[in-house]
Amino acid sequence: MKRVTINTNSVGLVYKNREFKRILTAGNYWLGFGETIEVYDQSKTFIASTELDVLLQNKDFANLVHLVEVKDNTLVLVYQNGNFKQVLTAGRYAFWIGLNKYTFLNADLNKYEITESIDKSTLLKSLMQPYVRSFRIESYEAALMMVDGKFERVLEVGNYIWWNNSTLIQVLKTDLRQLNMEIAGQEILTKDKAQLRINFTVQYKVTDAIKALLENKEFEKQLYVLIQLALREFIGRLTFDELMESKEKIAQHVLISSAANAALLGVELINCGLKDIILPGDIKEIMNQVLIAEKRAQANLITRREETASTRSLLNTAKLMEDNAMLYKLKEMEYVEKIAEKINTISLSGSGQMIDQLKQIFVK
């Protein structure tokens, strides 16, 4: 014999030879020979070491618990004293009656929409993560909802939560902001077979998410090819010299010629531009030689203009001096003055005739 005490808010299950015999509530009891007891706290979740069906055959036990049966494709959310406690999947569960107030909410997983009255904060708790799937659509995004491979609807901005069941749900998203695409390193032949490398840039914006995501596969790659072909088509019609003279027209042509096809992709072309034209080494050397020759020709032309102007000025001066002896004498004295400025001392040797010659220079 063994004496046991069951405290308040506790329950004892008595076994003999591993077979359930009876249930004991608060009080003092004697256990017979070969009997054992398992004591459970009614404030905690009941987890039995024996099959629940066996325990429920005892009426005293059945009157002490809430029996919850969860079917396949169903979830039961357990709330203890108004607070979310746990999630129950298919099976049978028992909860102690009395100390805690339990409420149970059934959720049907045969549908993906959550129609039950469940707070969103509860659905986002870690305990619920295996049973739900969530998607977030930002303010700058457009999204399409696909159910089992079929287009369902356009999703507005916000958070979406669905049951995680066998239904396949896909959310296709695209950015609605202005985007940039770089088309770099395009090796293109001009009409006269000059090989160039072109770097081009395009700014675009998605305007129709259904066309971009549903009616076209990888619309960004298609847009890249579209711009690439328009670029090659324009440059291929021009010689190298024509291209150099009309570089500013490339972006305008690409923008106009590609706009209609881009609209079929659900995209609006906003702007585009030529960033670089990279010349091969031999062409670059020839271009430098041409530039140097042009600059030299310009310099020679300017020099000849200046020489011509100077000669014309001298001619005009000579004509004036020819007609005016005084002007001739002033010009002569001007040159003597310039010569004198560079002379520090003058040494004279010779007869007195030299003095007479100097007088003749300064005296009329």
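Every number in this text was worked out from the coordinates using simple rules, so none of it is lab data. None of these values were measured; they are calculated from a predicted model. Note that we place each Cβ from the backbone using ideal geometry, even for glycine, and neighbour counts take in every protein chain shown.
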**Q.** Taking the range 39-169 and dividing mean pair separation by its residue count, relative contact order in percent (alpha carbons under 8 Å, at least six apart)
**A.** 20 percent
Q. Which whole-number percent gives the relative contact order of the chain, counting Cα pairs below 8 Å spaced six or more residues apart?
A. 9 percent
Q: Report, in whole Å, the centroid distance computed from the Cα atoms of the range 48-108 and the range 243-281.
A: 69 Å
(Q) Please give the Cα centre distance for the range 188-207 versus the range 123-150, rounded to the nearest Å. (A) 40 Å
Q. Hey, can you rank 181-192, 163-174 by average C-beta count inside 10 Å, highest first?
A. 163-174, 181-192
Q: Using R₀ = 41 Å, calculate the FRET efficiency as 1/(1 + (r/R₀)^6) where r is the Cβ-Cβ separation of THR122 and ALA184; round to 0.05.
A: 0.25
Q) With charges set only on the Cβ (+1 for Lys and Arg, -1 for Asp and Glu), what does the dipole of the chain come to about its Cα centre, in debye to the nearest 20? A) 780 debye
